[in-house]
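*Asks:* Below is the structure I would like to discuss, written out as structure tokens.
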Number of protein chains: 2
Amino acid sequence: MADIGAHSGGGRVKNGHESLEASPGMTLAERLRQKLEGAIAAGHLEPGSRLDEQEIAQRFGVSRTPVREAFRLMAANNLVELRGRQGATVRSIKAQALIEMFQVMAELEGLCARLAARRVSLAWGAEIGKVHQQLVAAGETGDIDVFYDINQEFHEAIYEASRNTFLAEQTRKLRNQVAAYRRRVTRMPNRIADTVREHEAIMRAILAHDPERAHSAMRDHVNLLGDNLLDFLAAFE
Amino acid sequence: MADIGAHSGGGRVKNGHESLEASPGMTLAERLRQKLEGAIAAGHLEPGSRLDEQEIAQRFGVSRTPVREAFRLMAANNLVELRGRQGATVRSIKAQALIEMFQVMAELEGLCARLAARRVSLAWGAEIGKVHQQLVAAGETGDIDVFYDINQEFHEAIYEASRNTFLAEQTRKLRNQVAAYRRRVTRMPNRIADTVREHEAIMRAILAHDPERAHSAMRDHVNLLGDNLLDFLAAFE
DNA sequence: CGAAGCTATTTTGTATACATATATTGTTAT
DNA sequence: ATAACAATATATGTATACAAAATAGCTTCG
């Protein structure tokens with residue numbers, strides 16, 4: 001089985017249990033959720049793979065109870081599938097579902113961009129500009145993981161700039177759902193250069209307070225990414 | 001406290017426990033979820049009210065375990081709020097949040113309508129037309145509860161016609177979240193007549209395969225409802 | 001040789017018991 | 001009288017034990 005949290009600096013401790021990072025005031029179930037969601041988003045847990053209550057409980061040195069509760073919480077975010085009396089599995093998304101999800105995501109991110117263009121303040125404009133500069137720099141060095149993270153920050157900045165916390169949360173969730181698949185596509189040939197160019201168009205529209213252009217630029221950006229992702233998957237399956 | 005399921009024909013049985021309807025193959029947690037979500041949507045559980053694990057467990061004659069799991073599952077649909085170690089409450093939506101949610105809902109339902117206009121088949125067109133006829137009839141008799149239900153069916157038909165199951169599910173969930181608030185607004189003065197008129201515009205655009213007109217008609221419809229709802233709330237708070 | 005049916009094992013679902021954190025109440029001191 | 005603190009009570013979180021269902025493996029029959 002995939003080694004959960006293998007990347008997060010020495011998760012395993014001497015007693016054989018993986019640590020849940022001392023997080024006072026947080027329940028075990030919540031800490032487990034964070035750990036497991038991270039592992040899913042990072043791709044350490046294969047989509048479709050079964051989540052064994054006992055195994056996970058033993059791995060983290062807790063009882064089944066908080067593990068089960070964590071599963072229920074993750075079902076909230078559509079990251080795991082609960083089939084009654086048949087256990088929990090990491091949600092695996094078929095190509096058809098990905099198409100559908102990107103269609104929705106394009107609309108939601110497009111709305112974020114539209115609202116951001118209408119509402120963005122000078123401070124936020126500067127923030128977005130700064131993140132974009134970092135992205136350009138990361139694109140030049142070619143460090144894909146750094147690029148991926150800053151790309152995320154760019155979108156996050158636009159979510160915030162929309163000043164619609166519900167929309168921001170909804171879009172974030174959707175983004176997390178497809179994260180495991182998205183990450184793979186960053187490595188495609190011209191993806192980095194394209195992304196930088198598309199982001200620039202989005203940013204310019206927002207800073208120019210042009211809602212419709214921001215909307216369509218973001219929509220196109222997300223749709224292009226979706227197309228790339230589907231091409232990528234088609235090549236493997 | 002509100003009597004959960006008081007409307008669903010004799011929920012209480014002689015042993016003092018409320019029945020969970022024999023649903024073989026379904027877990028208690030799942031049955032509890034359905035019951036409680038129904039009670040929330042119907043407005044029998046006041047938004048903001050605390051959900052007491054013990055009380056609910058006793059009421060249905062089960063242990064706390066499935067009750068807790070049901071709470072976690074409901075958090076998935078944003079119907080309850082879980083504050084760590086401080087219990088679960090029926091999610092109460094502030095006016096500001098309602099504005100934000102309707103903004104998203106208008107976009108999603110608009111997308112449904114747009115896709116429906118592009119993809120609707122003759123059979124589905126007939127179905128939508130039939131539902132609309134029922135709505136007109138219900139509007140004339142003035143039975144508000146029937147009208148509310150058929151209204152729901154009309155929108156549901158459009159979700160299906162979009163042929164995007166993910167979008168349909170997402171929109172449905174959002175609709176459920178605001179259901180407890182929506183229901184109240186149906187009783188406003190001209191709401192029924194307005195709704196019929198707006199639906200007609202939407203339907204015509206869909207049957208004419210005019211995606212943009214369908215989109216904007218639906219968007220306007222949802223936004224008008226949102227405005228009405230906010231007016232209504234403003235009058236009380 | 002394959003399929004159907006039964007038994008055994010494993011795993012999920014539920015109940016109960018215990019630990020711990022939060023809320024409440026009452027007391028005391030300023 | 002009010003504010004701060006301490007003791008109690010209550011509710012949530014977690015662990016363990018038990019029940020029931022699903023899966024796997026085996027036997028038997030066609």
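*Asks:* Using 0.36 nm times the number of residues separating A:L122 and A:T27, minus their current alpha carbon distance, what extension gain do you get?
*Replies:* That pair, A:L122 and A:T27, stretches by 30.2 nm at full extension.
*Asks:* Right, next: Give me a comma-separated list of calculated 3J(HN,Hα) values for the range A:165-175, in order, Karplus coefficients 6.51, -1.76, 1.60 applied at θ = phi - 60°, integers in Hz, x for any Gly or Pro.
*Replies:* 5, 5, 4, 4, 5, 4, 5, 4, 4, 4, 4
*Asks:* Per-residue counts of other Cβ atoms within 10 Å, averaged by peptide: what ranking do you get for B:29-35, A:193-199, highest first?
*Replies:* B:29-35, A:193-199
*Asks:* What's the average, rounded to a whole number, of partner chain beta-carbon atoms within 10 Å of each residue's beta-carbon in A:62-71?
*Replies:* 2
*Asks:* Average the reciprocal distances over every distinct pair of alpha-carbons in chain B, invert the result, and give the Kirkwood radius in Å.
*Replies:* After inverting the mean inverse Cα-Cα distance, the result is 19.2 Å.
*Asks:* Still on this structure, I have one more. Under a no-solvent Debye model with one identical scatterer per Cα of the range A:95-236, what's log10 I(q)/I(0) at q = 0.13, 0.15 Å⁻¹?
*Replies:* Here log10 of I(q) over I(0) equals -0.51, -0.69.
*Asks:* Separate question: Provide an ascending nm list, one decimal, of label-point separations from B:R85 to the equivalent residue in each further copy; define each label point as 7 Å from Cα along Cα→Cβ.
*Replies:* 3.7
*Asks:* Oh, and also: Provide a whole-number value for the mean count of partner chain Cβ atoms within 10 Å of the Cβ atoms in peptide B:90-100.
*Replies:* Average neighbour count from other chains, rounded to a whole number: 2.
*Asks:* What is the sum of charges, Lys and Arg at +1 and Asp and Glu at -1, for the other residues whose Cβ falls under 11 Å from the Cβ of A:G129?
*Replies:* Result for the local shell: 0.
*Asks:* For the protein assembly as shown, I need the span (max minus min coordinate) of the C-alpha atoms along each principal axis, in Å, sorted largest to smallest.
*Replies:* Its Cα atoms span 70, 55, 45 Å along the three principal axes.
*Asks:* Tell me, what % of the accessible area of the protein assembly as shown is carbon and sulfur with a 1.4 angstrom probe?
*Replies:* 51 percent
*Asks:* Let me ask something additional. When each copy gets a label point 7 Å from Cα toward the beta-carbon at A:D227, what are the spacings between them in nm, shortest first?
*Replies:* 3.8
*Asks:* Please report the relative contact order for the range A:22-156, taking Cα pairs under 8 Å with a sequence separation of at least 6, and give it as a percent rounded to a whole number.
*Replies:* 18 percent
*Asks:* Moving on to the next point. Sequence gap of 8 or more, or different chains, plus Cα separation below 30 Å: how many lysine pairs satisfy both in the protein assembly as shown?
*Replies:* Eligible lysine pairs with Cα atoms under 30 Å apart amount to 15.
*Asks:* Further question: Which whole-number percent gives the relative contact order of chain B, counting Cα pairs below 8 Å spaced six or more residues apart?
*Replies:* 22 percent
*Asks:* Moving to a separate point now. Can you show me the helix-derived [θ] at 222 nm for chain B, built from DSSP H runs with n ≥ 4 at -39,500 (n - 2.57) apiece and divided by the number of residues, rounded to the nearest 500.
*Replies:* -22500 deg cm²/dmol
*Asks:* While we're here: Place a +1 charge on the Cβ of each Lys and Arg in the range A:95-236 and a -1 charge on the Cβ of each Asp and Glu, then give the dipole magnitude about the Cα centre in debye, rounded to the nearest 20.
*Replies:* Taking the Cα centre of the range A:95-236 as origin, the dipole is about 220 debye.
*Asks:* Next question, about the same structure. With each label point set 7 Å from Cα along the Cα-Cβ vector, what nm distance links B:Q96 and A:K173?
*Replies:* Using points 7 Å along Cα→Cβ, the separation is 2.0 nm.
*Asks:* Also, quick follow-up: How big is the charge dipole of the protein assembly as shown about its Cα centre, in debye rounded to the nearest 20, if each Lys and Arg gets +1 on its Cβ and each Asp and Glu gets -1 on its Cβ?
*Replies:* 960 debye
*Asks:* Can you tell me the relative contact order of the range A:117-233? Whole percent, Cα pairs under 8 Å, sequence separation 6 or more.
*Replies:* 35 percent
*Asks:* Tell me, what HN-Hα J-couplings in whole Hz come from the Karplus equation 6.51 cos²θ - 1.76 cosθ + 1.60 at θ = phi - 60° for each residue of the range A:36-47, using x for Gly and Pro?
*Replies:* My calculation for the range A:36-47 gives 5, 5, x, 5, 5, 4, 7, x, 7, 10, 4, x Hz in order.
*Asks:* How would B:R184, B:R204, B:R172, A:R191 line up by accessible area, probe 1.4 Å, largest first?
*Replies:* B:R204, B:R184, B:R172, A:R191
*Asks:* If we hang a label 7 Å off Cα along the beta carbon direction at B:M188, how far is it from the matching labels on the other copies, in nm, shortest first?
*Replies:* Copy-to-copy label distances at B:M188, shortest first: 4.5 nm.
The values are calculated or read from the model by the stated rules, or taken from the named source; none is laboratory data. All values derive from a computational prediction rather than experimental measurement. Neighbour counts are summed over all protein chains in view; Cβ atoms, including those assigned to glycine, are modelled from backbone coordinates with ideal geometry. Each accessible area value is taken on the protein alone, full model and side chains, heavy atoms only, with ligands, DNA and RNA left out. Shrake-Rupley method; radii C 1.70, N 1.55, O 1.52, S 1.80 Å.
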